[in-house]
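These notes are about the structure you will find just below.
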Amino acid sequence: MAEEATEHQLLSTAVHDTMPDKYVRPESQRPRLGDVVSDARIPVVDLASADRAAVVSAIGDACRTHGFFQVVNHGVDESLIMAVMAVAREFFRLPAEEKAKLYSDDPAKKIRLSTSFNVRKETVHNWRDYLRLHCYPLEHFVPDWPSNPESFKEIMSTYCTEVRELGFRLYEAISESLGLEESYIKKTMGEQEQHMAVNYYPQCPEPELTYGLPAHTDPNALTILLMDDQVAGLQVLNDGKWIAVNPQPGAFVINLGDQLQALSNGKYRSVWHRAVVNSDRERLSVASFLCPCNSVELGPAKKLITEETPAVYRNYTYDEYYKKFWSRNLDQEHCLELFRT
């Protein structure tokens, strides 16, 4: 792809005073920001609590009622979190020609800078640029990560390692909350892939007309989101209403992906969420995804299938799931619907 086209396609290379037509959603698909509940109570779990049973129970309740929760005292150092946000911001402020080297609109590419969601297929684009990084095994992928800013590889690889460990600790609590042995989820998912999306949502002249990302569920197992603690933008669907997730300093937002909804036989929910944009400030977020091994067989845990609660989903491989997910539009019906028994 020619460099001019690349630079032209990335939102982060220019200031936008007016809204280009290709970002404007049809009337019926706009975010209706005035209807969003701004003060909803969102489950927060303190992972440092000495009462393990209470932590497991709080996580189970949140997975059942919301499909997501925030965690505090999670063990990831605050100085590392600040460094991640700083180096991410620095990356998106690089000169256009520097960023152009990493640009690709091929969804199969493991490391790429791109824009929107799936530029080749969409009719309307989303107001975001993002850097997608595969992170496991690290030594395999880090050589191809950006070497500008200079500290990028070191900061991000430390962060990836810590977040992976946090994800596995959360798996244990989620397994226990379902009445399964604590190692169940980690074992079932096989040798897990991990990737990240460093999202950049520039200032937007008309946030009412577009999305950073429209409503979707995540196809993976678990997502650990580091939010910009200065600028809100994440919204989740709860009881038919969109609720704003206001950033809590030092917290991560944990959301269940489709694979944990399937594994729990539908008891837990993969949450519909979306990102909206802001007219007076840019916003950053770093989403880390834990994904099952491609070839492993997934589906409801046998222990959760009974006469009263038969299997809601058939078994499948993650490879099959992921291909279906990427071949649709982001905001179509829940991809798991295609795997119902």
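The values are calculated or read from the model by the stated rules, or taken from the named source; none is laboratory data. Given the structure is predicted, the values throughout are model-derived calculations rather than measurements. With ideal geometry, Cβ positions are generated from the backbone for all residues, glycine too; neighbour counts draw on all protein chains shown. These accessible areas exclude ligands, DNA and RNA; they are computed on the full protein's heavy atoms, side chains included. Shrake-Rupley method; radii C 1.70, N 1.55, O 1.52, S 1.80 Å.
The set of residues in the range 187-204 being over 19 Å from the mean Cα position of the chain (by Cα) and either without any contact (Cβ under 8 Å) to a residue 40 or more places away in the chain or more than 23 Å from residue 88 (Cβ to Cβ) (or both) consists of 187, 188, 190, 191. A Cβ distance below 8 Å, combined with a sequence gap of six or more or placement on separate chains, defines the contacts here; from the range 159-185, residues that are within 14 Å of residue 223 (Cα to Cα) reach residues that are part of a helix (DSSP H, G or I) and of a type in the set (Lys, Arg) in the pairs 168/186; 171/186. When residue 148 is tested against (1) touching a Phe, Trp or Tyr at 6+ places or on another chain (Cβ under 9 Å); (2) closer than 23 Å to residue 220 by Cβ; (3) polar (S, T, N, Q), exactly one condition is not met: (2). Restricting 171, 211 to those that are in a helix (DSSP H, G or I) and buried (at least 20 other Cβ atoms within 10 Å of the Cβ) reduces the list to 171. Flag: residue 195 matches the condition of being within 28 Å of residue 101 (Cβ to Cβ), out of contact with any Ser or Thr (no Cβ under 6 Å at 6 or more places or on another chain) and not in a helix (DSSP H, G or I). Counting only residues that are open to solvent by 20 Å² or more (accessible area, probe 1.4 Å) and in contact with a Leu (Cβ under 9 Å, 6 or more places away or on another chain), the range 82-94 holds 2 of them.
Among the residues of the range 162-175, the ones that are over 12 Å from residue 75 (Cβ atoms) and either at pLDDT below 95 or among the β-branched types (Val, Ile, Thr) (or both) come to 1 in all.
Within the range 7-29, if we keep just the residues that are assigned to a helix (DSSP H, G or I) and among the hydroxyl-bearing types (Ser, Thr, Tyr), the residue that is most open to solvent (accessible area, probe 1.4 Å) turns out to be 28. Scanning the range 12-26 for residues being among the hydroxyl-bearing types (Ser, Thr, Tyr) and in contact with a Pro (Cβ under 8 Å, 6 or more places away or on another chain) gives a total of 2.
Would you be able to tell me the number of residues in the range 247-270 that are within 26 Å of residue 78 (Cβ to Cβ) and touching a Phe, Trp or Tyr at 6+ places or on another chain (Cβ under 7 Å)? Residues that pass the stated criteria total 4. Here is a list of conditions, (1) within 17 Å of the chain's Cα centre (by Cα); (2) over 23 Å from residue 182 (Cα atoms); (3) open to solvent by less than 40 Å² (accessible area, probe 1.4 Å), and residue 339 meets all of them except one; can you say which number that is? Status for residue 339: all satisfied but (1). Selection of the range 298-337 for residues being touching a residue at least 60 places away in the same chain (Cβ under 8 Å) and part of a strand (DSSP E or B) yields only 298. Tell me, please, whether a residue that is touching a strand residue (DSSP E or B) at 6+ places or on another chain (Cβ under 6 Å), assigned to a strand (DSSP E or B) and farther than 25 Å from residue 291 by Cα can be found in the range 215-235. Checked against the condition, which is being touching a strand residue (DSSP E or B) at 6+ places or on another chain (Cβ under 6 Å), assigned to a strand (DSSP E or B) and farther than 25 Å from residue 291 by Cα, the range 215-235 yields no hits at all. Restricted to the range 133-151, and to residues there that are within 20 Å of the chain's Cα centre (by Cα) and under 23 Å from residue 77 (Cα atoms), the residue that is most open to solvent (accessible area, probe 1.4 Å) is 136.
Report yes if residue 193 is surrounded by 17 or more Cβ atoms within 10 Å (Cβ to Cβ), out of contact with any Asp or Glu (no Cβ under 7 Å at 6 or more places or on another chain) and either among the charged types (D, E, K, R) or closer than 28 Å to residue 140 by Cβ (or both), otherwise no. Answer is yes for this residue. Scanning the range 220-237 for residues that are at pLDDT below 95 and buried (at least 20 other Cβ atoms within 10 Å of the Cβ) returns a single hit, 228. Residue-level check: of (1) without any contact (Cβ under 8 Å) to a residue 40 or more places away in the chain; (2) on the phi < 0 side of the Ramachandran plot; (3) not hydrophobic (A, V, I, L, M, F, W, C), residue 73 misses just (2). Take the conditions closer than 23 Å to residue 197 by Cβ and over 15 Å from the mean Cα position of the chain (by Cα) and apply them to residue 284. Does it pass? So residue 284 does not fit the description; no.
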